[in-house]
Amino acid sequence: KKRIGFLASGRGSNFQAVIDAIAAGEIPGIGVGLITDNPRAYAIERARNAGIPVRVIDYAEFPSKAVYEEELLAAMRDFQADLFVLAGYMRILGQEIVREFSGRMMNIHPALLPAFPGLHAQRQAVDYGVKVAGCTVHLVDDGTDTGPIIIQRCVPVLQDDDETTLADRILAEEHSVLPLAVKLFCEDRLVLEGRRVRIRP
Ligand code: GAR
């Protein structure tokens, strides 16, 4: 079984979707720990309820991003994880961390990348006026939301959508696509060919 570590900054519903799939026996993995940069993240309660160890590394307590990331990197190494899942981790990771976990760190983003990277992707989609939106699970590289794409799902953008109604529709897809991507990783079925991810049958 693969050892899976998580980073989350907030609500943690994607984290929950993955640990539920693990508990249901759908993923040949074990959740080894959650790291959060936010001491008020609801993801902390979810981890405790599931018996998964939590490390709170409160970003606000560090003098700089560099010092924060030293602590984060040390905590990530401690987990001895095969895979890290960024499940609503709302900071851009520095190059040292990205390089160390290259090929074994994935992120869920609430847009059809390469459209609308960065923050408030669903608002960006509504404001732009696109008629389809969606979500992307991708491997993390040293750009912002630029890494090799593993899976995408699309949803319609409806006439009367606002940021919240669109985000809810996208989130429902996130909750199925992130556990699926984690499952494929744990089954050794993701093959990186250049910047393309091939899924082995
Ligand atoms: C999700 O919609 C996720 O795609 C997004 O934050 C939300 C977290 O929800 N992530 C990003 O925007 C990353 N830039 P959750 O905490 O309930 O999983």
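The values are calculated or read from the model by the stated rules, or taken from the named source; none is laboratory data. From a predicted model like this one, the values you see are computed outputs, not experimental measurements. A quick note on method: Cβ atoms are made from the backbone with ideal geometry, for glycine too, and the neighbour counts reach across all protein chains shown. With ligands, DNA and RNA removed, areas are computed over all heavy atoms of the protein, side chains included. Shrake-Rupley method; radii C 1.70, N 1.55, O 1.52, S 1.80 Å.
By DSSP, the beta bridges lying fully in the chain are antiparallel in about 45 percent of cases.
Counting only heavy atoms of the protein chains, get the accessible area per residue of segment 69-132 (1.4 Å probe) and round it to a whole Å² value.
In whole numbers, segment 69-132 has 50 Å² accessible per residue.
What does the charge count around residue 195 come to, taking other residues whose C-beta lies under 15 Å from its C-beta (Lys +1, Arg +1, Asp -1, Glu -1)? Local net charge: -2.
Kindly identify segment 1-83 as rounded, prolate or oblate by the Cα gyration tensor criterion: order the square roots of the eigenvalues as a ≥ b ≥ c, call it rounded if a/c is under 1.5, otherwise compare a/b with b/c, prolate if a/b is larger, else oblate. Taking the square roots of the gyration eigenvalues as a ≥ b ≥ c, segment 1-83 is oblate. When a 1.4 Å probe is rolled over the protein heavy atoms, the share of accessible surface on the chain that falls to carbon and sulfur comes to 50 percent. For the chain, the Kirkwood hydrodynamic radius from C-alpha pairs, put into Stokes-Einstein at 37 °C and a viscosity of 0.692 mPa s, yields a diffusion coefficient of 192 µm² per second.
Per residue of the chain, the DSSP helices (runs of n ≥ 4 H) give a summed -39500 (n - 2.57) that works out to -11000 deg cm²/dmol at 222 nm. For residue 1, the lysines whose Cα falls under 17 Å of its own Cα, not counting residues fewer than eight places away in the same chain, are 183.
Considering only the other residues whose Cβ falls under 10 Å of the Cβ of residue 179, what net charge follows from Lys and Arg at +1 and Asp and Glu at -1? Surrounding charge for residue 179 is -2. Other residues with beta-carbon under 15 Å from the beta-carbon of residue 93 carry, at +1 per Lys or Arg and -1 per Asp or Glu, a net charge of -4. Shown here for segment 112-161: trypsin sites (Lys or Arg not before Pro) in loop regions (DSSP other than H, G, I, E, B) with at most 11 other Cβ atoms within 10 Å, namely 131. Rolling a 1.4 Å probe across the protein heavy atoms gives segment 137-187 an accessible surface of 44 Å² per residue. The value of relative contact order for the chain, using C-alpha pairs under 8 Å at least six residues apart, is 20 percent. Relative to one another, the C-alpha centroids of segment 78-152 and segment 1-32 are positioned 17 Å apart.
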